[in-house]
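Data block below; observations after.
The values are calculated or read from the model by the stated rules, or taken from the named source; none is laboratory data. Just so we're clear, the structure is a prediction, and the values are computed from it rather than from any experiment. Virtual Cβ from ideal backbone geometry, glycine too; neighbours counted across all protein chains shown. Only protein heavy atoms, including side chains, enter the accessible area calculation; ligands, DNA and RNA are left aside. Shrake-Rupley method; radii C 1.70, N 1.55, O 1.52, S 1.80 Å.
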Amino acid sequence: MGRALRADAERSVRAILEAAERVLAQDAGASMEQIAEAAGLTRITVHRRFANRQALLEALAVSAKQQLIDAIEEARPDAAPALVALYRVTVNVMRVKNTWRYTLSHATAHTVAAAALWAEIDARTVELLNRAQREGLLAPDADLEWTRQVYYALLSEALNRPGADQDPAAQDPDEQATLVIDTLLHGAGPRG
């Protein structure tokens, strides 16, 4: 019976986090009661899982960052050439970023756990960029920390591209990944 409660609790937490993402994206000042209503749960249930708004925001930050790590792992970046791996990782990351827009684009709580996850994401990204450099996709003298920052900026810009909400193709993770990778590797200059 304990296991059923645990699964039920996990479903409640997932429902709360998903509802919080939706509600906070519409109104960053939304109350715990509004989030509970959107999750189809009572305010008491939400407060049982998250003592206060700060605890909920911290859980959102950790959950979204963990999903980014899972997306990177799911792409199996070590099982393909760097270009293929970079593309697969980017598609998966764009899917997560599209789902968790509010949490990943706003200053959410950075707990020790969230910071550790972010450090892991950074390390995996630089590792992949290092492989891309070794395989000749990036210049041998490219600063990989700067390249990582540019890559993250491109991910954000692809997600928030003006008019993208009106164009379904611009919201497609495959299209977004192609735009990001093409710009990262070739910039805006002419192709030689």
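Structure summary
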| quantity | calculated |
| --- | --- |
| Qualifying positions in the stretch 10-24 - open to solvent by 20 Å² or more (accessible area, probe 1.4 Å) and of a type in the set (Asp, Glu) | GLU10, GLU18 |
| Any chance ARG124 is over 23 Å from ALA19 (Cα atoms), open to solvent by 40 Å² or more (accessible area, probe 1.4 Å) and not aliphatic (A, V, I, L, M) | yes |
| Pair list, Cβ < 7 Å and 6+ apart or interchain, from the stretch 118-144 residues that are farther than 30 Å from ALA59 by Cβ to residues that are polar (S, T, N, Q) and open to solvent by 40 Å² or more (accessible area, probe 1.4 Å) | LEU144/ASN130 |
| The stretch 25-59: number of residues that are assigned to a helix (DSSP H, G or I), open to solvent by less than 60 Å² (accessible area, probe 1.4 Å) and farther than 17 Å from ARG101 by Cα | 7 |
| Filtered residues of the stretch 95-136 (kept if among the aliphatic types (A, V, I, L, M) and within 18 Å of THR147 (Cβ to Cβ)) | ALA119, ILE121, ALA123, VAL126, LEU128, LEU129, ALA132 |
| Qualifying helices (runs of 4 or more DSSP H) (wholly inside the stretch 67-166; at least 2 residues being farther than 30 Å from ALA15 by Cβ) | 82-99, 112-134, 144-159 |
| Some residue of the stretch 140-151 being surrounded by fewer than 16 Cβ atoms within 10 Å (Cβ to Cβ), modelled with pLDDT under 95 and of a type outside the set (A, V, I, L, M) | no |
